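See below for the structure under consideration.
The values are calculated or read from the model by the stated rules, or taken from the named source; none is laboratory data. If you're wondering where the values come from, they're calculated on a predicted model, not measured in any experiment. Reconstructed Cβ throughout: ideal geometry from the backbone, glycine too, with neighbour counts over all protein chains shown. For the accessible areas, the whole protein counts, side chains as well, though only heavy atoms, and no ligand, DNA or RNA atoms are used. Shrake-Rupley method; radii C 1.70, N 1.55, O 1.52, S 1.80 Å.
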Amino acid sequence: MQTPPRPLQMVDLRAEVAALRPELDAALAGVLDATAFVRGPFVRQFEADLAAYLSALDARAPEVHVVSCANGTDAIQIALMALGVGPGDEVVCPAFTFVATAEAAALLGATPVFCDIDPESYNLDPARLAEAITERTKAVVPVHLFGQMADMAGIRAVCEPRGIPIVEDAAQAIGATRDGEAACLSGAMGTLSFYPSKNLGAYGDGGAVVTTDAVLAERARRVANHGAARKYYHPEVGVNSRLDAMQAAILGVKLPYLPGWTTARRLAASLYDDHLRDAADIVRPVRQPGARHVFHQYTVRVPERDRVAGALRERGIPTMVYYPEPIHNMTAYAEGWAEGDLPETERACAEVLSLPMHPHLSPTDVAYIAETLTEVVGTPIAA
Ligand SMILES: *Cc1c(COP(=O)(O)O)cnc(C)c1O
């Protein structure tokens with residue numbers, strides 16, 4: 001096969017909107033009829049629905065509190081503010097992630113301190129966590145990258161004896177579980193993003209702070225609402241960060257479909273695996289023991305990554321590099337860091353390639369992408 005069976009995309013929102021259109025129209029009309037655009041019943045309903053969904057994923061069936069907000073970056077910042085992170089504090093996080101993870105700490109005047117990743121899972125390596133911690137460490141923010149949970153038991157084993165709270169950046173991992181625990185529910189707090197391309201995406205921006213701790217939930221709710229104790233009384237400095245009712249209504253339509261979409265992603269990932277199993281130079285995603293990966297991305301390692309990406313593009317296959325530059329080498333975050341400080345992070349940045357992944361990918365699409373990738377990787381440029 002030399003041309004794709006149909007145009008391929010990293011994500012296919014057109015197919016999604018087409019399938020849901022009547023339900024979306026009705027939900028949006030409901031918001032217009034009620035003229036309740038900010039806060040109000042639609043937002044409260046979605047928060048309750050999401051809390052129920054998350055609680056049901058976790059074998060401990062915890063009581064879950066959801067505080068919606070404007071986006072996933074705000075969610076991390078609000079969680080850190082609820083934990084009292086501020087100037088002079090340190091927040092440990094990976095450097096192989098979207099910049100928002102570190103940015104949220106930096107915005108509060110805290111210093112992000114980077115910890116290297118485990119090369120198999122791409123997630124924060126608990127074995128290297130202790131060396132990143134000092135007496136100023138106020139929080140640890142592991143990221144469940146690409147849809148697979150970090151080793152939370154290992155991370156807790158380092159944090160708990162030191163009394164350091166964990167904020168899970170679960171922007172890519174809604175629905176992921178590991179050893180009976182769900183993403184967002186296995187640290188002090190968790191954060192979600194509803195950016196349109198995320199596994200549960202709004203048609204605009206949105207985010208949420210999640211916690212099983214009623215006191216932290218109340219603090220997060222207050223922080224997100226200008227630090228208000230009640231209307232027009234603001235004992236502390238907060239932020240203005242709201243999920244609007246239109247997005248809440250859209251998310252409410254989509255949430256019941258999330259389990260099916262997650263199954264479809266996992267099926268596409270298994271098909272990729274089957275096709276790529278014998279390709280010696282292609283490193284497939286490694287499932288961690290006990291983990292249920294929700295495949296926000298299907299990410300491989302390949303030699304000559306940029307050449308491979310270019311050759312795939314010529315054959316109608318889009319790919320993305322998440323992420324090409326480690327955060328500790330970015331100008332704004334590089335003080336005190338040098339290239340070579342986080343070898344596994346830097347190697348991942350040079351080698352990873354994410355293939356198209358969404359619930360509407362067909363077996364024919366996957367076969368074409370995998371076969372073309374194998375062929376392209378197997379024909380390196382002449383030395
Ligand atoms: C998307 C993402 C965020 C930020 O979410 P926004 O809603 O875009 O602000 C944070 N962390 C990770 C790992 C993400 O993938």
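Listed values, structure above:
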{"quantity": "From the options Ala332, Ala370, Ala309, Ala338, residue that is open to solvent by 20 Å² or more (accessible area, probe 1.4 Å), farther than 27 Å from Asp151 by Cα and either outside any strand (DSSP E or B) or of a type outside the set (Ser, Thr, Tyr) (or both)", "calculated": "Ala332"}
{"quantity": "Conditions (1) assigned to a strand (DSSP E or B); (2) within 16 Å of the ligand (Cβ to nearest atom): number failed by Val113", "calculated": "(2)"}
{"quantity": "Residue, nearest to the ligand (Cβ to nearest atom), within region 195-208, restricted to residues that are farther than 14 Å from Trp261 by Cβ and open to solvent by less than 10 Å² (accessible area, probe 1.4 Å)", "calculated": "Gly207"}
{"quantity": "Condition check for Leu24: touching a strand residue (DSSP E or B) at 6+ places or on another chain (Cβ under 7 Å) and either β-branched (Val, Ile, Thr) or away from the ligand (no atom under 15 Å from the Cβ) (or both)", "calculated": "no"}
{"quantity": "Hey, Glu160 open to solvent by 10 Å² or more (accessible area, probe 1.4 Å), acidic (Asp, Glu) and modelled with pLDDT of 95 or more or not", "calculated": "yes"}
{"quantity": "Hits in region 66-82 - residues which are closer than 14 Å to Val223 by Cβ, more than 10 Å from the ligand (Cβ to nearest atom), of a type in the set (A, V, I, L, M) and out of contact with any Lys or Arg (no Cβ under 7 Å at 6 or more places or on another chain)", "calculated": "Ile78, Ala79, Leu80, Met81"}
{"quantity": "Test for Glu47: is it in contact (Cβ under 8 Å) with a residue 12 or more places away in the chain and either open to solvent by 60 Å² or more (accessible area, probe 1.4 Å) or within 16 Å of the ligand (Cβ to nearest atom) (or both)", "calculated": "no"}
{"quantity": "Candidate set: region 116-138, residues that are among the β-branched types (Val, Ile, Thr) and more than 15 Å from the ligand (Cβ to nearest atom); chosen: the one surrounded by the fewest Cβ atoms within 10 Å (Cβ to Cβ)", "calculated": "Thr134"}
{"quantity": "Number of the exception - Ile317 against (1) assigned to a loop (DSSP other than H, G, I, E, B); (2) without any contact (Cβ under 8 Å) to a residue 40 or more places away in the chain", "calculated": "(2)"}
